[in-house]
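Enquirer: Mind having a look at this structure? Questions to follow.
Since every read-out is calculated from the coordinates, none of them should be taken as a lab result. Predicted model, so just to flag it, every value in this text is computed and none were measured. Glycine gets a Cβ as well: all are built from the backbone with ideal geometry, and neighbour counts include every protein chain shown.
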Amino acid sequence: MEYLKSAFGTRIETNFGNAIHLWHCKNMLIEGNHVSNHRDGIYLEFVKDSTIINNRSEKNLRYGLHFMFSDRDNYINNVFKYNGAGVAVMYTKHVYMANNRFEHNWGPSSYGLLLKEIYDSYIYHNLFYKNTTGIFSDNTNRTVFKENDFIENGWAVRIWANSQNNVFIHNNFVANTFNVVTNSFQNPNRYTENYWSDYKGFDLNRDGIGDVPYRPVSLFGYFTENYPQSIILSRSFFIYLLDLTERMFPMLIPSELKDDRPLMRLFKWSE
């Protein structure tokens, strides 16, 4: 396995080009770099069977990490912070992302993690904190989202109708403006045993599982996904009444998009 670091140490800053740029290679190791103020912090294209570990990519003009057509790569214990558009993952299969931090990626087109045409992947033990959108999923399929924390994001998860057969399990959704939004009336994915901080249910048998399902999509969230200009009504009393009515008599939100086994307490990650 080849070892890659900057020729000038582990910290590089410039306003031009990408800090680390790899194209059409395999079995690479990118480790221990601190990059900032670039176009993209780390850019990979056709890079396969490689490991990106213990890097810090922040304050880049576009993406902290951007990769395309890069199958079977592992992204472990990296920090992506204060980037223009967060992290973009595109046209790739068998991605493993674990123990990464996606923080403070704010802006009208900014995401903690953008997934576009991703297949058969595993998103595990990551923190999404104070991003405009924690995860945006466009045509992501057969991917497991397990034991991630979504804390104080605008949208924790935005998942489009073309994303199917994904599983969300043992994640913590805490104090997000919207937990899940979608542009579909259907639910081709599975949500089970997640913690939702705004869950109002009860647990009569004290098994730690809520006795009534939790529906993470609010009517207002559905409107904002389809009519973005409606965001100006956020936190108005009218929206509160609208959401309350819809939860009692669901007609417009996807009724099958629900967590049948919501957790009553934060899920504590295993080591």
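Enquirer: Determine the dipole magnitude for the stretch 17-63: charges of +1 sit on the beta-carbon of Lys and Arg, -1 on that of Asp and Glu, nothing else is charged, the reference point is the Cα centre, and the result goes in debye to the nearest 20. Present the calculation step by step, with values, prior to reporting the outcome.
Expert: Details: 6 positive and 5 negative charges, 21 e Å.
The dipole magnitude comes to about 100 debye.
Enquirer: State the extension gain, in nm to one decimal, for the chain segment bounded by Tyr122 and Ala175, taking 0.36 nm per residue of separation less the distance between their alpha-carbons. The partial results should precede the final answer.
Expert: Details: separation 53, 0.36 × 53 = 19.08 nm, distance 2.42 nm.
Result for the pair: 16.7 nm of gain on full extension.
Enquirer: If eta is 1.002 mPa s and T is 20 °C, what Stokes-Einstein diffusion coefficient results for the stretch 5-159, Kirkwood Rh from Cα pairs, in µm²/s? Let's see the in-between values first.
Expert: On the way: Rh = 14.9 Å.
Reported coefficient: 144 µm²/s.
Enquirer: Here is a further query. PRE reach from Asn27 (point 7 Å along Cα→Cβ): which of the stretch 66-90 fall under 18 Å by backbone N?
Expert: 71-74
Enquirer: Only counting other Cβ atoms within 10 Å, I'd like Thr133, Thr177 sorted with the fewest neighbours first. Don't jump to the answer; show the numbers that get you there.
Expert: Working: Thr133 26, Thr177 18.
Fewest-to-most Cβ neighbours within 10 Å comes out as Thr177, Thr133.
Enquirer: While we're looking at this one, here's another question. For the pair Asn183/Val212, report the inter-label distance in nm, with labels modelled 7 Å from Cα in the Cβ direction.
Expert: 3.2
Enquirer: Please order Lys268, Lys26, Lys146 by the number of other Cβ within 10 Å, starting at the fewest.
Expert: Details: Lys268 9, Lys26 16, Lys146 19.
Taking fewest neighbouring Cβ atoms as first place, the list is Lys268, Lys26, Lys146.
Enquirer: What is the fewest-to-most order of Val79, Val181, Val87 by other Cβ atoms lying within 10 Å of their Cβ? Walk me through the intermediate numbers first.
Expert: Values: Val79 16, Val181 25, Val87 28.
With the sparsest Cβ surroundings first, the list reads Val79, Val181, Val87.
Enquirer: Kirkwood Rh over Cα pairs of the stretch 154-210 into Stokes-Einstein at 10 °C, 1.306 mPa s: D in µm²/s? Write down the numbers at each step before the final one.
Expert: On the way: Rh = 12.7 Å.
Value of D from the Cα-based Kirkwood radius: 125 µm²/s.
Enquirer: Determine ³J(HN,Hα), in whole Hz, for all residues of the stretch 42-54 in sequence, where each value follows from phi through the Karplus function 6.51 cos²θ - 1.76 cosθ + 1.60 and θ = phi - 60°; x replaces Gly and Pro.
Expert: 10, 10, 10, 9, 6, 10, 10, 6, 10, 10, 10, 9, 6
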